[in-house]
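Here the structure comes first, spelled out in structure tokens, and everything after it is commentary.
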Amino acid sequence: MKTALITGGSRGIGRATAQQLAGLGMQVLINYKSNQQAADEVVNEIIASGGNAVAIQANIASEDEVTQMFATIREQYGDLDYLVNNAGILFQQCTAEQLTAERINTVMATNVTGLLICCREFIKNARHFNQFHGKAIVNVSSAAARLGSPNEYIDYAASKGAVDTITKGLSLELAELGIRVNGVRPGSIYTHMHTDGGEPARVDRVASQIPMKRGGQPEEIAEVITWLLSDASSYVTGAMIDATGGR
Ligand code: NAP
């Protein structure tokens, strides 16, 4: 049985991904930061439909917590086949004038440093078991990396630009070992994240600017992630797939 770790797997896109991967017969390890109830809910749903899932708490912005999470996984679940770097945060919409160093650093600590530390631990895990070929990482970026999020959250957009660069570099570093690294750039997706940005109905507001004239569902992003992990994409590495309704 393949095992996948999904950071931020308890809500939104991560949750839809956990459900899809479990439906394909994988053991899914659902990382979350603080909302244990949401994590337990998705674990229980997966188990009730005959799947295999566990919740693992760790703040990926903490190097110690990430290291400890991977050590626990190694001891309790053995080798990891897939890593979905999905956990990401943003804050209240604002202009560049209103940004603070503290806020920028907080966004970067989760979206960039945390993601790269998770990649590091995944590679160390592969080395521990001396198994590389066939493993895959998918990084969840954002269309914001291309669009820049003016008047909303340039700090977040910048963090996603870094995610794209990490995806490129890591894909080249790991290609010969047979570990594929790809990314997906979602557009505006119906999740709770927009409430954190201060505009719960943001997706409906921007829908008219999207060529397909609608926001996306978390399941539509999970489909892309699932494909990028699967052997169906065995010759794809270093790719960024836009799943944005055309924007
Ligand atoms: P969401 O609904 O807000 O869910 C976020 C998830 O990440 C939750 O499971 C949360 O756990 C977890 N998380 C947050 N910070 C964490 C940390 N430091 N350590 C561990 N887990 C953490 O978000 P979403 O909209 O599904 O977004 C998922 C990814 O897609 C993000 O990377 C986001 O940037 C990207 N994305 C989203 C959209 C969109 O329109 N929604 C568009 C483009 C890209 P807790 O609940 O325990 O905090």
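The values are calculated or read from the model by the stated rules, or taken from the named source; none is laboratory data. Since this is a predicted model, take the numbers as computed values, not measurements. Quick reminder, even Gly has a Cβ in these numbers, built from the backbone with ideal geometry, and neighbours come from all protein chains shown. When the accessible area is computed, the model is the full protein with side chains, heavy atoms only, and any ligands, DNA or RNA have been set aside. Shrake-Rupley method; radii C 1.70, N 1.55, O 1.52, S 1.80 Å.
Miscellaneous remarks
- A residue that is within 16 Å of the ligand (Cβ to nearest atom), among the aromatic types (Phe, Trp, Tyr), under 20 Å from MET26 (Cα atoms) and out of contact with any strand residue (DSSP E or B) (no Cβ under 8 Å at 6 or more places or on another chain) cannot be found anywhere in region 153-170.
- Positions within region 51-65 being within 9 Å of the ligand (Cβ to nearest atom) and within 17 Å of GLN36 (Cα to Cα), in sequence order: GLN57, ALA58, ASN59, ILE60, GLU65
- Take the conditions (1) crowded, with 16+ Cβ neighbours inside 10 Å; (2) more than 10 Å from the ligand (Cβ to nearest atom); SER142 misses just one of them, which is (2).
- Only a single item in (1) in contact (Cβ under 8 Å) with a residue 24 or more places away in the chain; (2) under 24 Å from THR3 (Cα atoms); (3) open to solvent by 40 Å² or more (accessible area, probe 1.4 Å); (4) more than 13 Å from the ligand (Cβ to nearest atom) is not met by TYR235, and it is number (1).
- Helices (runs of 4 or more DSSP H) contained in region 165-247 and holding at least 3 residues in contact with a helix residue (DSSP H, G or I) (Cβ under 7 Å, 6 or more places away or on another chain): 218-229
- Residue check: MET212 meets all listed conditions (1) over 18 Å from the mean Cα position of the chain (by Cα); (2) crowded, with 20+ Cβ neighbours inside 10 Å; (3) over 28 Å from THR95 (Cβ atoms) but one, namely (2).
- Output for region 6-31, where each listed residue is within 21 Å of PHE122 (Cα to Cα) and among the basic types (Lys, Arg): ARG15
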